[in-house]
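The values are calculated or read from the model by the stated rules, or taken from the named source; none is laboratory data. Nothing here was measured: the structure is a model prediction, and the numbers come from that model. Don't worry about glycine lacking a Cβ; one is built from the backbone with ideal geometry, like all the others, and counts go over all protein chains shown.
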Amino acid sequence: MLEPVSVGLKFAFLAVLYLFLLWVSRSALRDMRRGAFGGGPRNRPAPDATGVHSASRPGVSDDDVAPRLVVEAVPGLQSGLEYDVAEGATLGRGDVEIQLDDPFASSSHARLVRQGAIVVIEDLGSTNGTYLNDELLRGPQPLHSGDRIRIGDSTFTYDDR
């Protein structure tokens with residue numbers, strides 16, 4: 001009597017295992033496609049000879065900048081929705097300024113901080129990481145108009161015009 005139950009459990013385990021592997025490969029392919037076909041950042045300033053982008057913007061005062069995040073694709077939010085981040089903001093699932101209904105977001109996932117005429121993004125030690133232009137953030141980075149921010153399945157575009 002235990003043999004049919006045992007065989008059934010083995011098949012159920014294998015089915016769950018194959019579904020998990022399918023989910024992992026689908027997620028990896030989706031991330032690779034985003035990098036290959038997502039395109040680069042639009043209107044980003046050219047790097048200097050060292051390959052580093054300038055964080056400052058010559059001829060732009062702090063009052064001329066109106067930084068905002070524009071929703072590209074966020075579960076539960078309408079595309080095109082804009083968030084004013086002139087005073088900075090925290091993104092995540094918890095009690096934060098920009099709440100994400102995304103299972104891959106931590107409660108306090110990332111923070112935007114204004115430093116003069118620029119806005120800097122930093123990951124707050126999240127489990128799944130924060131991506132800037134399809135590259136994993138490894139420390140605080142200045143944002144430029146057209147930069148894409150991705151947290152899990154949520155994608156924003158930064159605009160400072």
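Which condition does SER108 not pass, out of (1) in contact with a Leu (Cβ under 6 Å, 6 or more places away or on another chain); (2) not in a loop (DSSP other than H, G, I, E, B), if it passes all the others?
(2)
Determine whether segment 146-158 contains at least one residue that is modelled with pLDDT under 90 and either in a strand (DSSP E or B) or of a type in the set (Lys, Arg) (or both).
Looking for residues that are modelled with pLDDT under 90 and either in a strand (DSSP E or B) or of a type in the set (Lys, Arg) (or both), one finds none in segment 146-158, hence no.
Quick one: which residue in GLU135, GLU82 is closer than 24 Å to ARG30 by Cα and modelled with pLDDT of 90 or more?
GLU135
When you go through (1) modelled with pLDDT under 90; (2) among the small types (Gly, Ala, Ser); (3) surrounded by 10 or more Cβ atoms within 10 Å (Cβ to Cβ); (4) on the phi < 0 side of the Ramachandran plot one by one for GLY39, which number turns out not to apply?
That leaves (4) as the condition not met.
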